[in-house]
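The values are calculated or read from the model by the stated rules, or taken from the named source; none is laboratory data. Computed from a prediction, not measured in an experiment: that's the story for all the values here. Glycine also receives a Cβ, built like all others from the backbone with ideal geometry; neighbour counts cover every protein chain displayed. Surface areas here come from the heavy atoms of the whole protein model, side chains and all, with no ligands, DNA or RNA. Shrake-Rupley method; radii C 1.70, N 1.55, O 1.52, S 1.80 Å.
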Amino acid sequence: MDLYYLPASAPCRAVAMTAEALGLKINKIYMNLQAGDHLKPEFIKINPQHTVPTLVDGDFVIWESRAIMTYLVEKYGKVNDALYPACPRMRAVINQRLYFDMGHMYKTLGDYYYAMRDKQSADPVLYKNIEVAMRFFNSMLEGKQYAAGGDSLTLADLSLFSTVSSFDAMIDFDFSKFPNVAKWYTTLKGMVPGAAENWAGCMELKKSYDSLKSSL
């Protein structure tokens, strides 16, 4: 399996952690987006949307991180794998959290970062949106150890962990106002498969962010 991958990307790191949790060996192919690797004809032939992460598993190609994550568990996980259990209600909650990350939590990260990239100053409104997303997540975690509830790690945790750790590294986010998130994050740092590689990718994101700030 080949994974077209950028370490600074939270979605790419979420896929890598999923593969690690499943004990899968994947061939990570580094994509230098600044050099235009994603726009090369050979990659566009694989993924016409030219996005990362992109997974190639034999003759099957899939992109969008959360679709890749669920595919990996459904194909290579054990029956009723705890990462994405067969129970319709549990799976629905995991899906909701994945969509929350994609459409809200991770979106605030992207909005804030890309505003900086486009040579704007740090936008306090966009930062406030990050805090709103954290407040929602804090409420979801009330009385729960894991993002989707239940008694074990799921794909919801891996996806949200990749995003939350990005906030931690990129802007040194203050989690003290969100005690449930802080507790969840601290717990996962000590148990998520591939956490060290994830943090190394977060440091790559921080370098990029710091470079943007210094250029303003």
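Key figures for this structure:
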{"read-out": "Förster-model FRET efficiency, 25 Å R0, Thr187 and Phe60, C-beta, rounded to 0.05", "value": "0.15"}
{"read-out": "Accessible surface of segment 2-76 [probe 1.4 Å, protein heavy atoms]: carbon and sulfur percent", "value": "53"}
{"read-out": "Per residue accessible area of the chain, 1.4 Å probe, in Å²", "value": "49"}
{"read-out": "Helix-only mean residue ellipticity at 222 nm for the chain, each DSSP H run of n ≥ 4 adding -39500 (n - 2.57), per residue, nearest 500", "value": "-18000 deg cm²/dmol"}
{"read-out": "Computed over the chain: relative contact order in percent, which uses C-alpha pairs under 8 Å that are six or more apart", "value": "26"}
{"read-out": "Label-reachable residues, segment 1-36, where backbone N falls under 17 Å from a point 7 Å from Ile44's Cα toward its Cβ", "value": "32-36"}
{"read-out": "Under 5 Å, built H, 5+ apart or other chain: amide partners of Lys28", "value": "Leu3"}
{"read-out": "Which of Gly77, Ala122, Phe136, positive extreme of dipole for the chain (C-beta unit charges)", "value": "Phe136"}
{"read-out": "Of Ala156, Ala10, Val192, farthest towards positive along the dipole that unit charges on Lys, Arg, Asp, Glu beta carbons give the chain", "value": "Ala156"}
{"read-out": "Globularity ratio of the chain, using Cα Rg and 2.2 N^0.38 Å", "value": "1.00"}
{"read-out": "Charged-residue dipole, Cβ positions (Lys, Arg, Asp, Glu), segment 88-215 about Cα centre, Debye nearest 20", "value": "200"}
{"read-out": "The chain: DSSP helices with Cα axial extent of at least 20 Å and average Kyte-Doolittle hydropathy no lower than 0.5", "value": "155-171"}
{"read-out": "Prolate/oblate/rounded label for segment 2-76 (Cα gyration tensor, a/c 1.5)", "value": "prolate"}
{"read-out": "Accessible surface of segment 88-215 [probe 1.4 Å, protein heavy atoms]: carbon and sulfur percent", "value": "54"}
{"read-out": "Segment 1-100: trypsin sites (Lys or Arg not before Pro) falling in loop per DSSP and having at most 12 other Cβ within 10 Å", "value": "Lys25, Lys78"}
{"read-out": "Inter-part distance where segment 37-76 and segment 81-128 are each reduced to a Cα centre, Å", "value": "20"}
